[in-house]
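The values are calculated or read from the model by the stated rules, or taken from the named source; none is laboratory data. Values in this document were obtained by computation on a predicted structure and should not be read as measured data. Here Cβ is always computed from backbone atoms with ideal geometry, including for glycine, and neighbour counts include all displayed protein chains. Only protein heavy atoms, including side chains, enter the accessible area calculation; ligands, DNA and RNA are left aside. Shrake-Rupley method; radii C 1.70, N 1.55, O 1.52, S 1.80 Å.
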Amino acid sequence: MTDTNETRTPAEQLLVDLAELHMRTHASPLPKHPAAMGWQATSGSMAAGFARALHALMEADPSKATEIAEWFDGPFGEGPDSLEHTDWTGRHIAQSPEVLEQWSRDAREAAARALEATEAWEKTEKEQQVEPDAIHKHFGLSYTNYLVLPRTLLQSMPDEWQTKFVRLLDEMEEAFAHVPQAEAYDVTAGEDAILDELGPDLLEKVGITEDFYDAPVPEDLGPFDLAEWKAEHEKASPSYHRVSDGAELDGQSYVFVPGTDPVPHYNRGRTRVEPKPESGQ
């Protein structure tokens with residue numbers, strides 16, 4: 001057939017559509033995703049087979065070819081009715097409800113396997129992607145200078161994950177073996193807190209003094225005069241000073257408050273904390 005401006009019959013138009021579909025499935029660039037590549041190849045093969053069969057039918061029985069073409073176009077031009085064709089398949093091909101149901105189960109199982117394969121491929125693709133400055137982006141807007149990872153949680157991950165993690169640690173250690181580093185670090189569990197939200201006990205614990213007065217209190221004031229002086233010089237909000245270096249801090253400054261570590265002790269490698277089911281897979 002040649003592409004002309006003449007009006008085509010439904011069967012002739014379907015042959016053109018099938019030919020164009022077949023050509024599209026072989027045109028580069030081909031899909032990168034394995035599942036998409038598989039379905040594209042299948043579509044091309046089915047389009048070629050359908051075109052050959054339809055062409056032969058047009059020569060043998062043009063009216064039947066027209067009937068098939070109109071069915072394929074569907075009642076609204078959106079393709080065949082899938083439910084109607086499933087019923088037709090049951091009557092003319094499967095010829096039994098049991099066989100049709102078995103085919104349906106096989107299709108669902110194949111779809112589930114395809115989903116697993118697709119998710120595995122996507123995970124591999126994600127792991128192989130290189131993101132510039134990934135570590136810096138991981139820390140976000142924080143001013144954190146170190147990454148603290150609980151040993152107990154690390155040893156609770158699957159063995160395959162632990163093996164990859166240790167290999168990366170060894171690789172990093174080898175890469176920076178020439179760089180001077182501290183022999184040990186003291187890691188303390190706790191939380192960041194705003195000074196204005198801390199009571200006197202916690203302020204003392206973190207080494208912060210609280211001052212409600214603008215100027216030093218005169219030493220020669222009696223009790224009555226001292227109370228009057230404080231009332232006159234009292235600020236609306238206190239100022240804070242760090243005992244270690246005398247630095248003045250405002251009430252919205254963050255300070256580290258030591259606390260209890262909620263993660264259990266690693267106990268010589270025996271402690272395990274169950275990860276979420278999807279973690280470390």
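In table form, for the structure just shown:
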read-out: Two-decimal ratio, the chain, of alpha-carbon radius of gyration to 2.2 N^0.38 Å; value: 2.00
read-out: For a label point 7 Å along the Cα-to-beta-carbon line of ASP261, residues of segment 170-207 with backbone N under 13 Å; value: 185-190
read-out: Fluctuation leader among ALA182, ALA56, ALA35 - the chain, Gaussian network, Cα springs under 10 angstrom; value: ALA182
read-out: Length released on extending from ASP106 to ALA182, taking residue separation times 0.36 nm less the Cα-Cα span; value: 21.3 nm
read-out: Estimated FRET transfer efficiency when R0 is 25 angstrom, pair ASP81-HIS26 (beta carbons, to 0.05); value: 0.30
read-out: Within the chain, longest stretch clear of exposed chymotrypsin sites (Phe, Trp or Tyr not before Pro) (DSSP loop, no more than 11 other Cβ within 10 Å); value: 186-281
read-out: Trypsin sites (Lys or Arg not before Pro) restricted to DSSP loop in segment 1-61 with at most 15 other C-beta within 10 Å; value: ARG8, LYS32
read-out: Carbon plus sulfur fraction of accessible area for the chain, probe 1.4 Å, in percent; value: 55 percent
read-out: Nitroxide proxy distance, nm - points 7 Å out along Cα→Cβ at ALA41 and ASP17; value: 2.6 nm
read-out: Potential lengthening between LYS126 and ALA48 on full extension [0.36 nm per residue; Cα-Cα distance subtracted]; value: 24.5 nm
read-out: Selected from ALA51, PHE176, LEU147, residue furthest toward positive end of dipole (the chain; charges at beta carbon); value: ALA51
read-out: Filtered GluC sites (Glu not before Pro), segment 56-134: DSSP coil and at most 13 other beta carbons within 10 Å; value: GLU78
read-out: Flagged links, alpha-carbon separation over 31 Å, of LYS32/LYS64; LYS137/LYS164; LYS164/LYS276; LYS205/LYS276; value: LYS32/LYS64; LYS205/LYS276
read-out: For segment 3-54 and segment 106-150, distance of Cα centres in Å; value: 36 Å
read-out: Cβ-derived FRET efficiency at R0 51 Å, ARG8 paired with LYS276, nearest 0.05; value: 0.30
